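Peer 1: Before anything else, here's the structure in question.
The values are calculated or read from the model by the stated rules, or taken from the named source; none is laboratory data. Computed from a predicted model, the values in this text were never measured in an experiment. Every residue, glycine among them, receives a Cβ derived from its backbone with ideal geometry; neighbour counts consider all protein chains shown. Only protein heavy atoms, including side chains, enter the accessible area calculation; ligands, DNA and RNA are left aside. Shrake-Rupley method; radii C 1.70, N 1.55, O 1.52, S 1.80 Å.
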Number of protein chains: 2
Amino acid sequence: MNILILSAGTRNKVVQYFKKTFNGIGTVVATDASKLGPAIYDADKYYIVPSITEPGYIELILDICKKEQINGVLSLIDPELSLLAANEELFRNIGVTVIGSSYDLCEMALDKMQMYEWLKNHGYNCARSWMDKNEFYRAINNGEVTYPVFVKPYRGSASISISKAEDKETVELLTSHENNLMVQEFLNGQEIGADVYIDMISGEVVSIFTKKKIKMRAGETDKAVSFKDDRLFELIERFVLEAGYRGQIDIDIFDIDGQYYISEVNPRFGGGYPHAYECGVDHMSLILNNLNGKSNKKSIGRYEEGIYMMKYNEVKIL
Amino acid sequence: MNILILSAGTRNKVVQYFKKTFNGIGTVVATDASKLGPAIYDADKYYIVPSITEPGYIELILDICKKEQINGVLSLIDPELSLLAANEELFRNIGVTVIGSSYDLCEMALDKMQMYEWLKNHGYNCARSWMDKNEFYRAINNGEVTYPVFVKPYRGSASISISKAEDKETVELLTSHENNLMVQEFLNGQEIGADVYIDMISGEVVSIFTKKKIKMRAGETDKAVSFKDDRLFELIERFVLEAGYRGQIDIDIFDIDGQYYISEVNPRFGGGYPHAYECGVDHMSLILNNLNGKSNKKSIGRYEEGIYMMKYNEVKIL
């Protein structure tokens, strides 16, 4: 049983955890477009590959799958998720399971306006969003929303070009410098992260880990503390099943005065997953079971509350 | 021989390296104002202490020094460097060496305008800076500087509130929202980091490690590659001796078309120091020698070029 981790980047912990799970069972192969992606060096074997946008990229990945007798493949970066989903059949034809959600859900995760429309139409609390500046100003004038607001690209990830605007002047300035920006309500509450596994055989939500994010200065350090709330678990399960996600996903949620707001979904392992794993919430084994044709039993919230996770920098030398 | 590392924060690698050096020789004690500072858990012993601004803070640190029979003390955060320097005599009176630079140099490191004036007056290339907006506009009109420029607090660290401004409109908007901002020329070149050790007994520059920083998206990952240039070593030595730094310092430099510009100095271990250590540039041993009353021999550039360092996130669980 061999697994291929695409675009491993700096997710060394994810690669290490797969190696632990697949130890004595099979090989963990990783790829990156750069020899300076440190995580590949933690895999059993690695390939430096072209950028995902290069012609022939998917054919090359399929070749690696054949050569390394890969059973399951997943990617750790957003733009590649849709690509894998779009080519799911090609992988299936050579016996490789794409561990991930459908093409439409991967695309929706990249498009904040589409995500917003979906959440709103299905009755979930979420941050109000506008592509049309004038509609936003009308909402301001009607008192439906107040400053500050976020101005950000409606497509984009990793907090690139997100600005907080305190007034109309700033919204005008930001939108005059860039296109494809949306205005989004600023959610002022406790940030929560959820790591969720949806069984790829049964389609059931089999594992949920939730943590409160602890804010630090200037994004320097990421710290969080595990917690449980059945009401949140129920909301997550309902949302995930209604949308139809599969495999590993990561959800950003806000708690505003006891109301949960869904903010974003990454249909992949997120940077905070190590917290879940270190608390015993091992999704690598759930994936291994699925690749072996076994569905997993539902086991939600089987971890301790009040466990703190603190990140720090480790280095790899080349 | 025991050492005390104050405000250890997320600098786990620095604590680990000291533990290696002091193994069998003495104890490494660390402090942090938060139990969520992961680095303290890598020390032999740790204390959770109040914020450095609390009354009685220094007395508490002096008490820890006495109790733990500390020989040398250093801090890993900027605002504490001046505090240690200001109280150097109190530490000296109980046999503790403050590993750091003078009060004036620690203060200059916090004040970008003061640093700029010093560099300009001593004939070093550096980014032109203005506290007075109108003087800056005059420089723009005279063609002495061009957009983009940085607008940032003249005191501050960790890239908090630094904005790039592409035009006058943006400079006006930024300065209308905040006080104490300076305008700084944008240096467009190769960023370089230098880790330097100035012997605390001889006052000589005994070790220099330089690396080129490799830019990644949105500050997500820090990667760098070691290199050597005698011309740069000479510049660093001249600058450091002229200013009078002591102990460990970290310098940010830009290479613009073969000309070196000095950008910033942190008179402490910086976040990039692990690269130097992993290349064999061990400043912990130089500190140990100094604490033992031995001066170190000059050994500049004793490392290999072309060694890459890649950071990734490790986690500590509490």
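Peer 1: Under the condition of being outside any loop (DSSP other than H, G, I, E, B) and crowded, with 17+ Cβ neighbours inside 10 Å, which residue from region B:141-158 is modelled with the highest pLDDT?
Peer 2: If we filter region B:141-158 for residues that are outside any loop (DSSP other than H, G, I, E, B), which is where we start, we get B:141, B:149-153, B:155.
Now drop any that are not crowded, with 17+ Cβ neighbours inside 10 Å, which leaves B:149-152.
Working: B:VAL149: 92, B:PHE150: 89, B:VAL151: 89, B:LYS152: 86.
Result: B:VAL149.
Peer 1: Of all residues in region A:267-311 being part of a strand (DSSP E or B) and open to solvent by less than 20 Å² (accessible area, probe 1.4 Å), which is nearest to the other protein chains (Cβ to nearest Cβ)?
Peer 2: Step by step, filter region A:267-311, then rank; the result is A:MET310.
Peer 1: In region A:25-83, what residues are in contact with a strand residue (DSSP E or B) (Cβ under 9 Å, 6 or more places away or on another chain) and of a type in the set (S, T, N, Q)?
Peer 2: A:THR27, A:THR31, A:SER34, A:ASN71, A:SER75
Peer 1: Being in contact (Cβ under 8 Å) with a residue 60 or more places away in the chain and open to solvent by 10 Å² or more (accessible area, probe 1.4 Å) is true for just one of A:ILE201, A:ILE249. Which residue is that?
Peer 2: A:ILE201
Peer 1: Under 6 Å by Cβ, and 6 or more places apart or on different chains, what pairs join a residue from region B:94-114 that is within 17 Å of B:TYR154 (Cβ to Cβ) with one that is of a type in the set (Val, Ile, Thr)?
Peer 2: Close Cβ pairs (under 6 Å, with a partner that is of a type in the set (Val, Ile, Thr)) amount to B:ALA109/B:VAL265.
Peer 1: Additional query: Output yes when any residue across region A:219-234 is over 26 Å from B:PRO38 (Cβ atoms), open to solvent by 10 Å² or more (accessible area, probe 1.4 Å) and within 18 Å of the chain's Cα centre (by Cα), and no when none is.
Peer 2: So far as region A:219-234 goes, yes, one or more of its residues are over 26 Å from B:PRO38 (Cβ atoms), open to solvent by 10 Å² or more (accessible area, probe 1.4 Å) and within 18 Å of the chain's Cα centre (by Cα).
Peer 1: Among the residues of region A:161-207, what is the count of those that are more than 22 Å from the chain's Cα centre (by Cα), assigned to a loop (DSSP other than H, G, I, E, B) and within 14 Å of chain B (Cβ to nearest Cβ)?
Peer 2: Total satisfying the criteria: 3.
Peer 1: A further question on this structure: Condition first: assigned to a strand (DSSP E or B) and more than 22 Å from B:ASN188 (Cα to Cα). Now tell me which residues in region B:235-261 satisfy that. Step through it out loud before you land on a result.
Peer 2: Here is the first cut: in region B:235-261, the residues assigned to a strand (DSSP E or B) are B:247-256, B:259-261.
Hits for region B:235-261 are B:GLY247, B:GLN248, B:ILE249.
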